[in-house]
Amino acid sequence: MVTLAPARPLPAAVAEPPRASVRHLGPNWYATVMGTAIVAGAGAGLPVGVPWLRDVCRPVWALSVLMLAAVLVARTVHWARHRDRARAHLLDPAVAPFYGCLAMALLAVGGGTLTVGSDVIGVTASVALDAVLWTAGTLLGLVVAAGIPCLMVTRHRIGPADASPVWLLPVVAPMVSAALGPPLVPHLPAGQWREAMLVVSGALMGASLLATLLMLPLVFARLLCHGPLPAAQTPALFLVLGPLGQSTTAAGALADALRSAGYSGAPEVAARFASVAYGVPVMGFALLWLALAGALVVRAVRRGMPFAMTWWGFTFPVGTCVTGAAALSRHTGLHAFGWLSVGLYGFLVAAWAVVWTRTAVGVARGTLLAPPPPSLPPSGPQDADARAALSTAGASANEGPYQVR
């Protein structure tokens, strides 16, 4: 006779319906603002004559402003009422790098205000708001770019298998400043102010680029030596496109700033040549990485990739490649780069629509802001993916795949 063991009852914490709370709202939620703002900013900069495109981008920009305000308020409440969790986030190497998203959210909304919001609030107000957001985002980005790696060295316990593309988030923030600072140059007083912005943007680009060159080999070595990322973390591979596309955008923006600010002759020609000489090979590598990351995402989807906040990695990094390809189209005159930017923008809009909708549904149902379930024993790949989803969503500080000392 065959007997069946009685089913193990579920813990009470799992059986209860999820309860939403800002206690479990991590810094990765700023990625929703970044991904929305880049849809408006990249769309306005496409090298195609579509009259209605700017009309569509304006409400998207307005939505990004509202989302930024909402997340800022929610995160302020989080720090005021749940400081234990906020401090724990800083001590978790799976969550701490997402603090770079705060700086980039401010910068992305500021850049969209200058390019799209000027149609709504006027040039003077848009320049003033962009200047404030750029200054705040740049200062925060520098603090995060130095502070988070310092925490990783002194407080986090990290092994070679723990390398993650999210490590790029703190160091790429200065690159966003380098790309969005030059458009402010024509609005600054001639002389020292304009020259200072150009020099600062170049310095920010160099700092971020060199830091990326230190981090990126660790990410690729982790893939080669330890295999693909867990399914829930696989979309984070698209984060590598961020510094690649954004640096190409920054190089083109510096060349455009020299021309628009009245610098002509050898300096402007040299800047345009440098932007093309740098941007073309980097864009080529970005497309190569896009193919690799896309193949791994398809593999993860076939294995049941769950929805997590990492899916926002399909938006902002791809948007930087859109702006980078658009810059190359302007400086080379090749229609191929223009069509590349249009194709990437189509992917960006489709990805943003899917991810934004699923995020809104998750917030409405309370699942994305619910407390994490009790820790599960590492019994199989599905459990590993569940723990990875919790970690990358930033819902918990110490239940992820890393340990803190």
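The values are calculated or read from the model by the stated rules, or taken from the named source; none is laboratory data. Computed from a predicted structure; not experimentally measured. Neighbour counts are summed over all protein chains in view; Cβ atoms, including those assigned to glycine, are modelled from backbone coordinates with ideal geometry. Only protein heavy atoms, including side chains, enter the accessible area calculation; ligands, DNA and RNA are left aside. Shrake-Rupley method; radii C 1.70, N 1.55, O 1.52, S 1.80 Å.
General remarks:
- Surrounding net charge for Gly117, when Lys and Arg each add one and Asp and Glu each subtract one, Cβ distance under 14 Å: -1
- What the chain shows is 44 Å² of accessible area per residue, with the surface traced by a 1.4 Å probe over protein heavy atoms.
- A cut-off under 13 angstrom between Cβ atoms defines the neighbours of Val48, and their net charge, with Lys, Arg +1 and Asp, Glu -1, is +2.
- Considering only Ser275, Ser118, Ser329, the Gaussian network model of the chain with Cα springs below 10 Å gives its largest mean-square fluctuation to Ser118.
- Nitroxide proxy distance, nm - points 7 Å out along Cα→Cβ at Ile121 and Ala336: 4.1
- Between region 49-114 and region 162-179, the Cα center-to-center distance that results, in Å: 15
- Distance from region 256-334 to region 187-246 (C-alpha centre basis), Å: 11
- Approximating the spin labels as points 7 Å out from Cα along Cα→Cβ, the Ala88-to-Ala69 distance works out to 3.2 nm.
- Counting protein heavy atoms only, the chain has 70 percent of its accessible area on carbon and sulfur, 1.4 angstrom probe.
- Quarter of the Cα convex hull surface for region 61-185, i.e. its orientation-mean projected area (nm²): 8.2
- Translational diffusion of the chain, µm² s⁻¹ [Kirkwood Rh, Cα pairs; Stokes-Einstein; 10 °C; 1.306 mPa s]: 73
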